[in-house]
Amino acid sequence: MATTIETKGNALTYETIEAEAGLKAALAMSRADLVDFVRDSDLKGRGGAGFPTGMKWGFCAAEKADQKYIICNADEGEPGTFKDRVILTRFADLVFEGMTIGGRAIGASLGIIYLRAEYTYLRPHLNEVIQARRGAGLLGHNILGVEGFDFDILVAMGAGAYVCGEETALIESLEGFRGEPRNRPPFPVVAGLLNNPTVVNNVETLASVAAIFAKGTDWFKTFGTDKSTGYKLFSISGDCEKPGVYEFPWGITLASLLEEVGGTGAKAVQIGGASGVCVPARDFTRALAFEDIPTGGSVMVIGADRDILDVAENFLDFFVEESCGQCTPCRLGNVQMLEAVKLLKKGECPPEFLAAVKDLGGTMQVASKCGLGQTSPSAFLSILEGFDDEIANRAPSA
Amino acid sequence: MATTTLKQEQLRTDVEALVEKLGPGRSSLIPILTDVKRRFHEVDSESMQTIADVLDIHPVEVYSVASFYAFLHGAPEGQFVIRLCGTLSCDFAGKDAVADALKNELGVGFDESTDDGLFTLEWASCVGMCDQGPALLVNDQVHTRVTPETAREIVAACRAAAAAEEG
Ligand SMILES: Cc1cc2nc3c(=O)[nH]c(=O)nc-3n(C[C@H](O)[C@H](O)[C@H](O)COP(=O)(O)O)c2cc1C
Ligand code: SF4
Ligand code: FES
């Protein structure tokens, strides 16, 4: 996997976590304490939405059911995100350790890792790690000698659909259906895979769980801010000298981040991938944190010479391709926004049309069924707002 | 048509073996489609019928699922499916030049296959190699920092592999 090792960046905390220390610590606790421990760390989901992990586990643990599942979301489809690939390549054991702790906490005996089809080359590696864990008594029956604690992990493959990263679409896909998001409620923690209570967590969330159990919640809280505890991996690409996967504590400003990666001349950064927001240079004092700019960690640096409308167009092409088409605002709205951008590029977008499309974008944000449609207007709208001068100057009348 | 029948028989045996391994449930459908696609480079209507029979679901269900996923659509594909990432960071890194080189070298456009049945060229959404773009996948294999020149080398290597298999 030479290509993966090539991914550069800075030193990662995961390198310093002792193998199985987290699992051993967890197995020494009572099951109810496991959920409280995660709650106490204030860990929030690393997949983008930032839902408190302890709370999610608590909901699922409270459900009465014969069968429960914990799913590791390794769909990593958000444009500009590749930190999960690096975690799975270098720290797969930590991820499986986190899943095993989760299984113990919620009362699940099966974990499934849903790996995007584009990462099929990682599958043999993951299966080897799982096999080795079985051999070492870290998966299977009576794990580490704990009577009655049975847990195993399977790898399931995606088949090329961004929307399947959305947790209910992922579950549909696992069940053998089209990856179309479900209506919620019920939430997966109540009725998920095969209608059983299911926790879906991001790869990085689960690795963090293992680290937190290994080192303690106080240790975790020494990183980050009051509202965003811990450290985070950022996938950094685009117009900078040193792209790669970087670990920073939550709260880092965009200016310091760009300094680190050699991207100081940028005119903007796209945070959170295609579904995120475009931040112009004048706002580089802002911070990456749940209380300021929340993100799953995708940072795409946009250099001074780029046409900002090319950025909007690229993302809208993506959403037109990836919308599952179930609901009308999303199916049509992305096409309309793309049309508007193309007209804007030519300086031919009638103001009434632009206003109508902006309205439609606003409607999508509130009326779409899933996160894809709710977030796909964000880049477009933030670009219109942040780059008014650059865009307006193109109008033939100007 | 004797050949088709033979293929169908073979397929049925294979699908049954897969179901044996994966379980009889509906959740085996995507792994089965992935496997059939990998081996036959298409999922034709007869294959869909066979899969439906074995899983005891309607063939329309099989079609509906296959058509949803970028990697599973039923249409015939080349032995090597080249998927070039079209997303922003690869765009910044020069994906258009790579796209032109691939089109020239293969003599087909995107979403087309070469007449010899060897190649299909497609766009992919971000493949998670954004720090090393332009990136492309050839079947399951990823290639990074692709240039027009290395793109031609990748195609040549596929041709050589196919020729070696033939001979
Ligand atoms: C369109 C869409 C795509 C998503 N893709 C991913 C993904 O690739 N990986 C991921 O972890 N979460 C993804 N999510 C978020 C998941 O729905 C879910 O919130 C997450 O897996 C929960 O894990 P966490 O709480 O540990 O972050 C996506 C959401 C949407 C709406
Ligand atoms: S918002 Fe878009 S992606 Fe989500 S369910 Fe509706 S059509 Fe599908
Ligand atoms: S943008 Fe091409 S791999 Fe992510």
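Couple of notes before you dig in:
- Distance from the C-alpha centroid of segment B:78-111 to that of segment A:296-370: 23 Å, rounded to the whole angstrom.
- Part-to-part distance (alpha-carbon centres) for segment A:95-121 and segment A:37-87, which is given in Å: 10
- Computed Rg/Rh of chain A, alpha carbon atoms with Kirkwood Rh: 0.99
- The trypsin sites (Lys or Arg not before Pro) of segment A:25-134 that DSSP puts in a loop, and whose beta carbon has at most 14 other beta carbons within 10 Å, are A:LYS64.
- Isolated Cys in chain B, by beta carbon distance under 4.7 Å: B:CYS126, B:CYS130, B:CYS158
- Proxy reagent accessibility, fewest Cβ within 10 Å first, across B:SER125, B:SER67: B:SER67, B:SER125
- Ordering A:MET55, A:MET99, A:MET157 by the number of other Cβ atoms within 10 Å of each residue's own Cβ, fewest first, gives A:MET55, A:MET157, A:MET99.
- Neighbourhood charge, 10 Å Cβ-Cβ cut-off, centred on A:LEU316 and excluding it, Lys, Arg +1 and Asp, Glu -1: -3
- Anchor A:LYS56: lysines whose Cα lies under 26 Å away (excluding residues fewer than 8 positions away in-chain): A:LYS24, A:LYS44, A:LYS64, A:LYS68, A:LYS83, A:LYS215, A:LYS221, A:LYS227, A:LYS232, A:LYS369
- Exposure proxy ranking, count of Cβ atoms within 10 Å, fewest first, for A:ASP152, B:ASP53: B:ASP53, A:ASP152
- By the rule of a C-alpha distance below 19 Å, with chain neighbours fewer than 8 residues away ignored, the aspartates and glutamates paired with A:LYS345 are A:ASP305, A:ASP307, A:ASP310, A:GLU313, A:ASP317, A:GLU385, A:ASP388, A:ASP389, A:GLU390, B:ASP91, B:ASP96.
No lab work stands behind these numbers, since they all come straight from the coordinates. Everything quoted here is computed from the prediction, not taken from an experiment. Neighbour counts are summed over all protein chains in view; Cβ atoms, including those assigned to glycine, are modelled from backbone coordinates with ideal geometry.
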